[in-house]
Ligand code: BGP
């Protein structure tokens with residue numbers, strides 16, 4: 001298909017992953033344990049992520065941990081990067097595992113083996129002219145910081161994070177030009193374990209601890225921006241938001257207002273602080289309503305004000321539809337972010353994630369209209385079960401359709417005036433799913449022979465979407 005919308009020269013085409021979902025080698029190279037290493041895979045995982053009271057010490061023998069080996073990127077990165085280069089990637093989004101650099105998070109000296117591993121990965125990428133886009137923290141807080149300090153609830157964690165950031169910036173300043181601070185920072189509102197490094201134990205403590213942890217992350221993020229500017233004046237550093245526009249179920253003004261409030265809290269709260277450098281007006285009332293009193297140290301607000309990000313990166317998978325009075329049946333039917341079913345949208349078969357490319361165009365317009373800073377879509381994709389045919393081919397036309405429609409929506413948004421830096425579809429190579437902890441929910445353009453029970457040869461195969469995406473990149477988005 002021909003795309004009439006032109007993508008700008010230098011558009012950053014690529015793909016995205018995260019250390020805890022691809023690397024494996026969970027206890028190699030002196031790496032310490034992080035949250036993802038102790039979260040089991042399987043049916044119970046989502047429940048554990050969503051419900052209060054998760055304790056990773058309980059029942060740990062009865063679960064499986066597919067990410068302990070994952071797709072073994074730790075040993076196979078050369079083969080994988082060669083495949084990315086074959087597709088023509090300009091950039092590759094990956095994350096550094098904090099626990100490879102500081103195994104417990106609170107040491108004074110970094111772990112050289114961990115640092116050397118990422119040197120090798122960056123060098124390999126540069127060999128093919130691929131620029132790394134590096135997430136500093138992607139759902140992988142050191143377990144020791146959770147147990148001993150309570151995750152981001154603790155102010156001390158800001159100091160440990162600063163040490164980690166200073167080490168990686170000094171080490172990789174000649175090798176990495178694009179940085180992101182916290183993956184999907186707003187996801188902590190839904191999954192505090194992943195996003196904020198602690199489990200909510202009591203409903204009564206939920207609001208206070210969540211927003212105090214957010215304040216610490218904002219201070220940490222601004223510290224990273226400040227350091228980045230000092231050490232790498234030519235680099236760009238962005239925030240990362242899980243963006244899901246919230247639609248009102250209908251034109252009932254009560255539903256419209258409710259959708260707006262959910263939209264503000266979920267999509268704008270973290271972005272306002274990191275891009276505008278201020279707590280937004282709407283959050284003051286929320287803090288009053290839930291009796292939230294932040295401990296803010298002297299200098300915090302100035303630091304946040306003076307060190308705002310260069311760009312906004314976002315993941316976009318779906319929109320969310322909301323109404324005030326949900327019946328028990330309607331509750332949580334929308335998708336992973338709750339909400340209700342949208343009668344105009346189809347959903348992915350097994351996992352119920354609604355498919356809404358127009359929502360991406362809306363999202364990009366909303367974000368650019370509010371902030372006027374460059375945007376970067378660093379996650380987007382369709383999780384599906386793939387079948388390998390007897391001749392070894394994988395015909396994932398459903399994935400091609402999904403990506404094509406979202407790329408078209410980005411083209412439209414750029415015509416609307418949005419400044420877009422690039423596109424890195426999620427899981428460009430099959431990897432362990434965040435919400436299920438399993439392999440069978442696949443996003444990749446490259447298939448990896450690894451199954452939920454841990455079996456498989458780890459062999460890589462090019463899917464149909466691999467060849468399709470290669471043409472998309474070669475034509476700079478004209479051939480879709
Ligand atoms: C985002 C995360 C990723 C990722 C993706 C897909 O929220 O940043 O880590 O996994 O969602 O989600 P899932 O794997 O649950 O399908």
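Of the residues making up segment 406-424, those that are assigned to a loop (DSSP other than H, G, I, E, B) and either in contact with a helix residue (DSSP H, G or I) (Cβ under 6 Å, 6 or more places away or on another chain) or over 29 Å from residue 373 (Cα atoms) (or both) number 2. Given the residues 20, 27, 34, which is the only one that is within 22 Å of residue 147 (Cα to Cα) and surrounded by fewer than 18 Cβ atoms within 10 Å (Cβ to Cβ)? Exactly one residue qualifies, and that residue is 27.
Filtered by the rule that a residue be touching a strand residue (DSSP E or B) at 6+ places or on another chain (Cβ under 7 Å), modelled with pLDDT under 95 and surrounded by fewer than 23 Cβ atoms within 10 Å (Cβ to Cβ), segment 403-451 gives 436, 438. All conditions in (1) outside any loop (DSSP other than H, G, I, E, B); (2) more than 16 Å from the ligand (Cβ to nearest atom); (3) buried (at least 19 other Cβ atoms within 10 Å of the Cβ); (4) at pLDDT below 95 hold for residue 81, with the sole exception of (4). The set of residues in segment 351-382 being within 13 Å of the ligand (Cβ to nearest atom) and either modelled with pLDDT of 95 or more or touching a helix residue (DSSP H, G or I) at 6+ places or on another chain (Cβ under 6 Å) (or both) consists of 377, 378, 379, 380, 381, 382. Checking 244, 224, 220 one by one, the residue that is buried (at least 21 other Cβ atoms within 10 Å of the Cβ), in contact (Cβ under 8 Å) with a residue 60 or more places away in the chain and farther than 23 Å from residue 174 by Cα is 244 and no other. Taking segment 120-143 as the search range and keeping residues that are modelled with pLDDT of 95 or more and in a helix (DSSP H, G or I), which one is nearest to residue 172 (Cα to Cα)? Filtering first and then ranking leaves 122. Being surrounded by 15 or more Cβ atoms within 10 Å (Cβ to Cβ) and in a helix (DSSP H, G or I) is a property that holds for residue 470. One residue stands out in segment 162-178 among those that are touching a helix residue (DSSP H, G or I) at 6+ places or on another chain (Cβ under 6 Å) and not in a helix (DSSP H, G or I): the one that is nearest to the ligand (Cβ to nearest atom), namely 175.
The values are calculated or read from the model by the stated rules, or taken from the named source; none is laboratory data. Since we're looking at a predicted model, the values are computed, not measured. Cβ atoms come from the backbone with ideal geometry, glycine included; neighbour counts cover every protein chain shown.
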